[in-house]
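This report concerns only the one structure given below.
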Amino acid sequence: MNRHESMLRIAANSDISVLLLGESGSGKEVAARFIHEHSQRAGGPFVALNCGAIARGLAESILEGHRKGAFTGAGEERAGLVRSAEGGTLFLDEIGEMPLETQCKLLRILQERTVMPLGCYESVPVNFRLVCATNRDLRSEIAAGRFREDLFFRLNVFPVKIPPLREREDFERIVHELWRDVNGASARMLNPYEMALLRKKTWPGNVRQLKNVLQRFSLLQSYGVTLSKVMDEEFGEAPLPQKEAGIVAPHSTGAPEHLMMGGFRNFEFAYERLCDRCGERGGERVAERARRYAASPEWNLICTELAKNEGNRSVTAQKLGISRGCLNYQIKKHSS
């Protein structure tokens, strides 16, 4: 379990305010829902608000609600988001973008644990759990006069940093979960070549950007569009030469001969190195066995990495982003 996941579980076991910190698209709302769903308030509502979308002048009504006729256009009574979260969790996303006048109203609600809907002259007690998220440095916002320090201390009870995708140790798990979400549980697994392509990017848009790419690829793959092509268009790059990229791409019938032969030589060298280390040469000629699997992009990538790493399986598995057990299975499968 990753450190931030452990922190989220700890937070879920209490009722204190949580402040989620992280880059845009890193999964802060997913983390907020995780806290809610694993807390004692899981049976209650989860109410989310993007603070950057609060229209000036409507903040009080949005948060605290209003009675019918409280102002022009108030044709019916509204509970407001705070009362809508009664017994559950109120998630305030992008709290750093909340206007100062709204911050003042939120501070009062947190201090008194009551709301006063517009048109009502009595306070209404509320019971909710607050989780906030931001991609801003709130201390810098305080110094710039854009965020209230007293509100910050109310919110920053239990801060949890959500790491960006490029720093996630469970990158492969995230990819597989998103891929299943997009395609269903019965979908084919992404192959090691495709996983290696995804790993090579820093993903400035984080999980949100990764999901967009996987959705696009899922839609286009049946038309012969490769993940490599989708990635090139997403990041505005021309495909790297194979040596520079460090990846041997899957072969197609229309591939240039020199690329096909380059891939074959990688197979032959890697397979020979593997046989030398494992004593699995047998009676079949190495070249013939290499040709037998030359059409497999997964085996191509594995053999290339094995060759680069002098047959070291642990290092190869790490470079490919798969477990050593998975690598051993592929080697056994293609060597039998």
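The values are calculated or read from the model by the stated rules, or taken from the named source; none is laboratory data. The structure presented is a predicted model; accordingly, all values stated were derived computationally and were not measured. Cβ coordinates were reconstructed from backbone atoms using ideal geometry, including for glycine residues, and neighbour counts include every protein chain displayed.
What to note about this one:
Let's see how each residue does on (1) without any contact (Cβ under 8 Å) to a residue 24 or more places away in the chain; (2) closer than 28 Å to Gln330 by Cα; (3) among the charged types (D, E, K, R):
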| residue | (1), (2), (3) |
| --- | --- |
| Pro163 | no, no, no |
| Glu167 | yes, yes, yes |
| Ser186 | yes, yes, no |
| Glu194 | no, yes, yes |
| Leu197 | no, yes, no |
| Lys200 | no, yes, yes |
| Ser218 | no, yes, no |
| Gln221 | yes, yes, no |
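- Of the residues making up the range 86-115, those that are among the aliphatic types (A, V, I, L, M) and part of a helix (DSSP H, G or I) are Ile95, Leu100, Leu106, Leu107, Ile109, Leu110.
- Filter pass, Glu141 being more than 24 Å from Leu100 (Cα to Cα) and not basic (Lys, Arg): no
- Apart from one condition, Met1 fits all of (1) surrounded by fewer than 19 Cβ atoms within 10 Å (Cβ to Cβ); (2) modelled with pLDDT of 90 or more; (3) within 31 Å of the chain's Cα centre (by Cα); the exception is (2).
- Looking only at residues of the range 11-32 that are touching a residue at least 40 places away in the same chain (Cβ under 8 Å) and in a helix (DSSP H, G or I), we find that the one that is farthest from Asn212 (Cα to Cα) is Ala11.
- Some residue of the range 134-156 being in the same structural domain as Glu29 (by TED's automatic domain parsing) and part of a strand (DSSP E or B): yes
- Residue check, Ile174 touching an Asp or Glu at 6+ places or on another chain (Cβ under 6 Å), among the β-branched types (Val, Ile, Thr) and either in contact (Cβ under 8 Å) with a residue 60 or more places away in the chain or surrounded by fewer than 19 Cβ atoms within 10 Å (Cβ to Cβ) (or both): no
- Any hit, the range 125-132, residues being out of contact with any His (no Cβ under 9 Å at 6 or more places or on another chain) and within 18 Å of Glu94 (Cβ to Cβ): yes
- Criterion: at pLDDT below 95 and out of contact with any strand residue (DSSP E or B) (no Cβ under 9 Å at 6 or more places or on another chain) - qualifying residue of Ile54, Ile62: Ile54
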